[in-house]
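These notes concern the structure reproduced below.
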Ligand SMILES: Cc1cc2nc3c(=O)[nH]c(=O)nc-3n(C[C@H](O)[C@H](O)[C@H](O)COP(=O)(O)OP(=O)(O)OC[C@H]3O[C@@H](n4cnc5c(N)ncnc54)[C@H](O)[C@@H]3O)c2cc1C
Ligand SMILES: Cc1cc2nc3c(=O)[nH]c(=O)nc-3n(C[C@H](O)[C@H](O)[C@H](O)COP(=O)(O)OP(=O)(O)OC[C@H]3O[C@@H](n4cnc5c(N)ncnc54)[C@H](O)[C@@H]3O)c2cc1C
């Protein structure tokens, strides 16, 4: 069997969620990775352990990941593959259902396990239930939950890089621009430590308390929906059922109550710390270490304590 | 222009679902059902486009059991003009829903369809993209802003790392993200008025659509339970535990 993966990259290397998709794909067959963008990103894909072949294109038509041309191309390439995969990132979730419908198959979103070539596990109801589903479609189109698969090592592979084909331009949409935050911090879905703030932060100025601790720990910054809706943190920081799914070694929830929708995005973290002034807050029911207290008192102490060795 | 807004009946977001003992699914008997929250946002956006004079008519569609009429009524009370209930008692996967919606589009010729980005029960995040594919229309998913511009649509999307802006030709598909708007509550007079608005009832067979599922659910299980840990008494103790017990910092 042969698997095609649509890669995400940061301009120079494929993302960790893409390497998680590679890890899932190696259970299914020979892995080909499709990379749009700079050559360096394609070269990084070629080094990922388990990758057999890389197809690369710098064509402007695909540079911004527009769903219409990208899915048209994937469909034209589909006959060679039994499975088409992408990480369950904003880009993958945008494109893969479109590809599936064009192929008349039901997409299988956000898988957390591979049972066999037709059978997959996926979380439903905000992760409160795990469904094992078997597909009767001839071809499988899948997005992969990164937090559920250890990423394939970034090195160890030596795949050949070949030119990707070019498909038709459906000319339905135009890319106007983007505001992508540049950050020195690790990417939320790839970070080993995540520090998240909730509604209790009270303002975007106060949210710096979270950022400052995160920088001490080399951590990524997350937020609850309430904090994002209130404008304390940008939208791409939202952790949860309808935001990002993270499973770091350490997750620190500060002033977050622990709604089902938030837990859905972080409860697979290895160690969870909750800091909340309400000892009844539901977040404590999933926390390994809970500290009851006012965050505005606790967090400065926490930062000072971290500074001591 | 005419707008179509698909609304799904789902287990209310406040309900903590329980997996059935026989592992065939989750308990939905006697559980509070509501309109999928993202679909409330979709209805709100449609109503605002009508208030701005951009939309002329809003049709709310729901596919599922007869009880979906409740969610259509909610959409009508928020400001949709009429409803279509595609009645079906079995499982409807996003591909089947997209095919049903395509059949409705071919009859009604809307210029814009606004869906939720994901239903909070099955969390597939697929129907809008699949419908766009079947129609050969452009898609603006995870929208946080929709503007009518140059005979098309300018859509701001929530993506990993920030925001992105696209220009779409019409007709088009938009799916809503949380920050697009804050849905209104229907007023009592509007709830009364909604009772008189028409809901057409059709069956998948009337639309000529085969809705046979492609996925078989082999089992549904509880995820591994997380044990609540301990409370620590001070920041010093917390940092000590993280360093020396959990060894994560
Ligand atoms: C369709 C839908 C999708 C959603 N998706 C998501 C999602 O993806 N992610 C998400 O997070 N939410 C999501 N939500 C929202 C979710 O239901 C909650 O509303 C949200 O998570 C609450 O955020 P919070 O914990 O920051 O705020 P609150 O629930 O208001 O909690 C604030 C907490 O801070 C504590 N606190 C207050 N002051 C202090 C202080 N000085 N020191 C210490 N603690 C303090 C309080 O005790 C409280 O526990 C979604 C909701 C819906 C309907
Ligand atoms: C184990 C299991 C058992 C199930 N059993 C049943 C069952 O017995 N009966 C049943 O009906 N379903 C059942 N379902 C749910 C069904 O499979 C899902 O409704 C379907 O897969 C659609 O996925 P989604 O709602 O996540 O779509 P998404 O793609 O996440 O939905 C996105 C948007 O599409 C629109 N949309 C989606 N569905 C509809 C709809 N039906 N009508 C109008 N608009 C819609 C809405 O605008 C929605 O916001 C079951 C699911 C599982 C996992």
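Annotations for the structure displayed:
- Residue list for the stretch A:167-186, restricted to those being more than 8 Å from chain B (Cβ to nearest Cβ) and touching a strand residue (DSSP E or B) at 6+ places or on another chain (Cβ under 7 Å): A:185, A:186
- Of everything in the stretch B:1-32 that is more than 13 Å from every other protein chain (Cβ to nearest Cβ) and outside any loop (DSSP other than H, G, I, E, B), the residue that is nearest to residue B:68 (Cα to Cα) is B:9.
- Residue match in the stretch B:210-224 (condition: under 30 Å from residue A:292 (Cα atoms), at pLDDT below 95 and in a strand (DSSP E or B)): no
- Residue among A:74, A:84 that alone is in a strand (DSSP E or B) and in contact with a helix residue (DSSP H, G or I) (Cβ under 8 Å, 6 or more places away or on another chain): A:84
- Selection of the stretch B:187-220 for residues being closer than 30 Å to residue A:111 by Cα and surrounded by 13 or more Cβ atoms within 10 Å (Cβ to Cβ) yields B:204, B:209, B:211, B:213, B:214, B:215, B:216, B:217, B:218, B:219, B:220.
- The listed residues are A:307, A:274, and the only one of them that is modelled with pLDDT under 95, away from ligand 2 (no atom under 16 Å from the Cβ) and in contact with a helix residue (DSSP H, G or I) (Cβ under 8 Å, 6 or more places away or on another chain) turns out to be A:307.
- Any hit, the stretch B:97-105, residues being surrounded by fewer than 20 Cβ atoms within 10 Å (Cβ to Cβ) and closer than 26 Å to residue B:193 by Cβ: no
- Evaluation of residue B:174 against (1) assigned to a helix (DSSP H, G or I); (2) touching a residue at least 12 places away in the same chain (Cβ under 8 Å) (one fails), failing number: (1)
- Screening residue B:143 on (1) outside any strand (DSSP E or B); (2) within 13 Å of ligand 2 (Cβ to nearest atom) shows it passes everything except condition (1).
- Filtered by the rule that a residue be touching a residue at least 60 places away in the same chain (Cβ under 8 Å) and more than 8 Å from chain A (Cβ to nearest Cβ), the stretch B:211-236 gives B:211, B:212.
- Taking (1) within 11 Å of chain A (Cβ to nearest Cβ); (2) within 16 Å of ligand 2 (Cβ to nearest atom); (3) touching a strand residue (DSSP E or B) at 6+ places or on another chain (Cβ under 7 Å); (4) modelled with pLDDT of 95 or more in turn, residue B:204 satisfies each apart from (1).
Here's the yes/no breakdown for (1) farther than 16 Å from residue A:220 by Cβ; (2) surrounded by fewer than 16 Cβ atoms within 10 Å (Cβ to Cβ); (3) in contact (Cβ under 8 Å) with a residue 12 or more places away in the chain:
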position	(1), (2), (3)
A:161	yes, no, yes
A:167	yes, no, yes
A:172	yes, no, yes
A:177	yes, yes, no
A:180	no, yes, no
A:183	no, yes, no
A:192	no, yes, yes
A:197	no, no, yes
A:200	yes, no, yes
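- Any strands (runs of 3 or more DSSP E) falling wholly within the stretch B:47-140 and containing at least 2 residues that are within 14 Å of chain A (Cβ to nearest Cβ) and within 16 Å of ligand 1 (Cβ to nearest atom): B:112-116
- Scanning the stretch B:34-46 for residues that are in a strand (DSSP E or B) and either within 13 Å of another protein chain (Cβ to nearest Cβ) or surrounded by fewer than 17 Cβ atoms within 10 Å (Cβ to Cβ) (or both) yields a count of 0.
- Residue among A:154, A:147 that alone is part of a helix (DSSP H, G or I), within 19 Å of residue A:7 (Cα to Cα) and more than 16 Å from ligand 2 (Cβ to nearest atom): A:147
- The helices (runs of 4 or more DSSP H) located wholly in the stretch A:1-63 that include 2 or more residues which are within 19 Å of the chain's Cα centre (by Cα) occupy A:16-25, A:39-47.
The values are calculated or read from the model by the stated rules, or taken from the named source; none is laboratory data. All values derive from a computational prediction rather than experimental measurement. All Cβ positions, even for glycine, are placed from backbone atoms using ideal geometry, and neighbour counts span all protein chains on display.
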